[in-house]
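Here is the structure we will look at, set down as structure tokens.
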Amino acid sequence: MRFTGRSTVLAMALVVSTAWPTLADEITVTDVTGREVQVDAPVKHMILGEGRQIYFLAALDKEAPFQHVVGWRDDLAKADPESYEAYLAKYPDIAKLPTFGGMKEGTFDIEQAVALKPDVILMNIDAKTATEESGYIEKLAKVGIPLVYVDFREKPMENTEPSMRIMGKLMGKEGVAEEFIKFRADAIKRVTDVLEKENPKKPLVFVERAGGYSDDCCMSFGNENFGKMAEIAGGINMAKDIIPGTFGTVNPEQVIASNPDQIIITGGNWDGYVPGGDWVGVGYGADLKEARRKLENLTKRPAFTGVKAVEDGNVHAIWHQFYNNPYQFVAIQEIAKWLHPELFEDLDPEATFKELHARFLPLEYKPGYFVSLRDE
């Protein structure tokens, strides 16, 4: 056990749960990079290397997701302001949590992290190169602070389950983690079982990453993340053979030449980054009428000129943050309904998302995560 001089303000604000053991034992976890890391668990004080890690932390600790968070990156309020405001309304003391910059951006304050005396620092795998080049793992090890990598973004279809198990072990919530994993797997199976049985023709799908975020077109996904989700949902990812990794770019001419049957654009409210931008503001409690208007506006760009998906009205928008959390199964269900409406008429992704909130999450569900030009 380490002594941690926590302020009385934070101790009161973040509500210590009596369900957690008072003593911790040193355990070994293998993170998603294969590193074996010794951690005192259940973890009582953690730093989140990204604020959006609350998506999976909340799924494991529904009653008090912030109770052991002593610092976090400052991205949630800008990347997903509606979710941040909802969490802030329910847990107002999160406004007092120390915030950090990003490891990749070189603005992570290691001295501040050490001063908070966390039992563990959680980092997304995409920060691995920057973390290693800076020597932070060694510096933290010298003061007894372990760093663990998880991944819900680079290879989410591969790493979501192991990442949830890592978190369950760290938090002493292994049972909840397994319940969540089964719920996720069952939800995906409701799509894959039908597709395996019916073997429908697969439409060509172009997934545009953060359409309208900038004037450039077009960011997309290779054979992972939303690209993989589109394929699990019964489509062919247009960019799979163009983009070698998870993320990349295709040019407008490639979109026109490929002539996709379906277009899916990821969106969110990014006023904090691009005020008044052309992005489609889907998300927690979003105005879907306005989102549909902005989605239709994006179809007028040169990259979509004469494309079959636009002419047939098969253009859709989906919450961008599905790319960065363990709720991707909801996105897979929604995409399956868009690609194969005749096969999934009875599938209700909205009900799946509501059940996820009711069973695992502290927030009340609010619609707003999907919009389509096919919507009335």
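The values are calculated or read from the model by the stated rules, or taken from the named source; none is laboratory data. Quantities reported herein were computed from a predicted structural model and do not represent experimental measurements. For neighbour counting, all protein chains shown are included, and Cβ atoms are generated from backbone atoms with ideal geometry for every residue, glycine included. Ligands, DNA and RNA are stripped out before the accessible areas are found, and what is left, the full protein with its side chains, is counted by its heavy atoms. Shrake-Rupley method; radii C 1.70, N 1.55, O 1.52, S 1.80 Å.
Assorted remarks:
- Scanning region 328-343 for residues that are open to solvent by less than 10 Å² (accessible area, probe 1.4 Å) and either free of Cβ contacts under 8 Å to residues at least 40 places away in the same chain or not in a helix (DSSP H, G or I) (or both) yields a single hit, H340.
- Selected residue (criterion: surrounded by the most Cβ atoms within 10 Å (Cβ to Cβ)) from residues of region 129-185 that are outside any helix (DSSP H, G or I) and in contact with a Ser or Thr (Cβ under 9 Å, 6 or more places away or on another chain): F152
- For region 186-211, filtered to residues that are within 28 Å of F56 (Cα to Cα) and without any contact (Cβ under 8 Å) to a residue 12 or more places away in the chain, the residue that is most open to solvent (accessible area, probe 1.4 Å) is K189.
- Residue within region 106-123 that is open to solvent by less than 50 Å² (accessible area, probe 1.4 Å) and within 16 Å of the chain's Cα centre (by Cα) present: yes
- Residues that are touching a Gly at 6+ places or on another chain (Cβ under 9 Å) and open to solvent by 40 Å² or more (accessible area, probe 1.4 Å), drawn from region 279-312: G285, D287, L288, E290, N297, R301
- When the test is whether a residue is at pLDDT below 95, in a loop (DSSP other than H, G, I, E, B) and open to solvent by 40 Å² or more (accessible area, probe 1.4 Å), G276 passes it.
- The set of residues from region 244-255 being more than 23 Å from the chain's Cα centre (by Cα) and open to solvent by 70 Å² or more (accessible area, probe 1.4 Å) comprises just one member, E253.
- Considering N223, N237, the condition of being under 29 Å from D186 (Cβ atoms), surrounded by fewer than 18 Cβ atoms within 10 Å (Cβ to Cβ) and of a type outside the set (F, W, Y) is satisfied by N223 alone.
- Residue in region 94-105 that is nearest to the chain's Cα centre (by Cα), counting only those that are open to solvent by 20 Å² or more (accessible area, probe 1.4 Å) and more than 12 Å from W72 (Cβ to Cβ): K104
- Flag if E376 is part of a loop (DSSP other than H, G, I, E, B) and at pLDDT below 95: yes
- Scanning region 32-89 for residues that are surrounded by fewer than 20 Cβ atoms within 10 Å (Cβ to Cβ), in a loop (DSSP other than H, G, I, E, B) and among the small types (G, A, S) yields G34, A64.
- Residues satisfying the stated conditions in region 182-230, i.e. under 15 Å from F322 (Cβ atoms) and acidic (D, E): E208, E224
- Pair list, Cβ under 6 Å, 6 or more apart: region 49-61 residue closer than 21 Å to L116 by Cβ, other residue surrounded by fewer than 22 Cβ atoms within 10 Å (Cβ to Cβ) and of a type in the set (G, A, S): none
- The residues listed here are D216, D241; of these, the one that is part of a loop (DSSP other than H, G, I, E, B) and closer than 28 Å to W270 by Cβ is D216.
- Of all residues making up region 3-40, the number that are at pLDDT 95 or above and either over 27 Å from D126 (Cα atoms) or not charged (D, E, K, R) (or both): 10
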